[in-house]
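The values are calculated or read from the model by the stated rules, or taken from the named source; none is laboratory data. All values derive from a computational prediction rather than experimental measurement. Cβ placement follows ideal geometry from the backbone for every residue including glycine, while neighbour counts extend to all protein chains displayed. Note: areas computed on protein heavy atoms with side chains; ligands, DNA, RNA excluded. Shrake-Rupley method; radii C 1.70, N 1.55, O 1.52, S 1.80 Å.
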Amino acid sequence: MSERPQCRLWLTGWIMSVCFFGALLIFMSVGLMLGLIVSDKGFYSVGLDFFNNYAPNNLPLWPLIFVTISCGALSGFHATQSPLMARCIQNEKSGRMVFYGAMVMEGIIALIWCTLGLSFYADPASLDAALKAGTASGVVHEISIGLLGAVGGIVAILGVVILPITSGDTAFHAARLIVSDFFKMQQKDVTKRLIIAVPLFIIGIVISTQDFNIIWRYFGWANQTTATIMLWAASAYLYRRGKLHWITTIPAFFMTNVVVTYIANAKIGFNLDMSISTIIGVVVSVLLFVLFFRLKKISE
């Protein structure tokens, strides 16, 4: 109960920041799409063939297509892992709006940037050249400034930049609470907060000095893996209570295959052959699926 006042204070500040940053996101999403429609650049017909792989360096579409865009149609569920949500949501029914809402909104943002990437440049080769010249951040800058001008472009870029900033703030806050729960350290005293927070900040600073492209790959995989774990947890909860569980069990099975295959094949993982990695992904998914149905149902 002592955590409630702190929770309400944090939640009030969080809601205010969400309103402001949410407005930036809305401007970014709507503004860039309208800018693309009315721009003299128009929509390019890049002539993409569904059966051809246009990925740079001929990277495999499976499973990268489900990991590359981290704010995809699944990752809203990773928010359920945050202890902030466990402390601040007073009714489980609110989870539908919070987590499904996050999933839908992040999916929309992902689709908008897919559309921009495919439509702003004349052909896949031009997009590939832009990525090699300035990485993904350079593409975001070029598209935003090109469609909305200097002022509008800066606002749109802020809408993009604020995503990792707020995610990092939430991650540090959540990590501190997880560590404090594990070691049973009360967090009312500022000194005890700093004992946990300072080492976390040092780790964050060290990580920020590394190659961003490599960090982003780990982030994309970890993002979807966390969501996958949550899907299995939700499936177990529903199954044990005799409720419809397939709505989360099927996505959990599929995404297990995705994340296991990716980390088995990726250079940042085990760097195995794709065929072997795919087999490992299928085997792990099936094993978890079988173990899942060994759970015992309970009566409420």
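Select from segment 158-191 the residues that are free of Cβ contacts under 8 Å to residues at least 24 places away in the same chain, not in a loop (DSSP other than H, G, I, E, B) and not small (Gly, Ala, Ser) and list them in ascending order.
Matches in segment 158-191: VAL161, PRO164, ILE165, ASP169, VAL179, PHE182, PHE183, VAL190, THR191.
Right, ARG294: under 23 Å from the mean Cα position of the chain (by Cα) and basic (Lys, Arg) or not?
no
Yes/no matrix, rows are residues, columns are (1) open to solvent by less than 80 Å² (accessible area, probe 1.4 Å); (2) in a helix (DSSP H, G or I); (3) in contact (Cβ under 8 Å) with a residue 40 or more places away in the chain; (4) in contact with an Asp or Glu (Cβ under 9 Å, 6 or more places away or on another chain):
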| position | (1), (2), (3), (4) |
| --- | --- |
| LEU200 | yes, yes, no, no |
| ILE207 | no, yes, no, no |
| ALA222 | yes, yes, no, no |
| TYR239 | yes, yes, yes, no |
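On the given criteria, is ILE195 loosely packed, with under 15 Cβ neighbours inside 10 Å and among the aliphatic types (A, V, I, L, M)?
No; evaluated as a whole, the condition is false for this residue.
Within segment 72-95, how many residues turn out to be farther than 16 Å from ALA233 by Cβ and either modelled with pLDDT of 75 or more or open to solvent by less than 40 Å² (accessible area, probe 1.4 Å) (or both)?
Adding up the residues that qualify gives 7.
Name every residue in segment 149-169 that is more than 16 Å from PHE20 (Cα to Cα) and either open to solvent by 50 Å² or more (accessible area, probe 1.4 Å) or in contact with a Ser or Thr (Cβ under 7 Å, 6 or more places away or on another chain) (or both), in order of residue number.
Of everything in segment 149-169, those that are more than 16 Å from PHE20 (Cα to Cα) and either open to solvent by 50 Å² or more (accessible area, probe 1.4 Å) or in contact with a Ser or Thr (Cβ under 7 Å, 6 or more places away or on another chain) (or both) turn out to be ALA150, VAL151, GLY153.
Among the residues of segment 116-148, which ones are open to solvent by 50 Å² or more (accessible area, probe 1.4 Å) and in a helix (DSSP H, G or I)?
Selection gives LEU118, ALA125, ALA129, LEU131, LYS132, ALA133, THR135, ALA136, SER137, HIS141, GLU142, ILE145.
Determine whether PHE182 is aromatic (Phe, Trp, Tyr) and under 23 Å from VAL67 (Cα atoms).
Criteria not met by PHE182.
Select from segment 170-184 the residues that are farther than 11 Å from LEU200 by Cβ and of a type in the set (Phe, Trp, Tyr) and write down the one among them that is least open to solvent (accessible area, probe 1.4 Å).
For segment 170-184, the residue satisfying everything is PHE183.
Of all residues in segment 266-300, count the ones that are touching a residue at least 60 places away in the same chain (Cβ under 8 Å) and surrounded by 14 or more Cβ atoms within 10 Å (Cβ to Cβ).
3
Within segment 241-299, how many residues are aliphatic (A, V, I, L, M) and outside any helix (DSSP H, G or I)?
Of the residues in that region, 6 qualify.
Kindly establish whether ARG217 is charged (D, E, K, R), more than 24 Å from GLU106 (Cα to Cα) and assigned to a helix (DSSP H, G or I).
So ARG217 does not fit the description; no.
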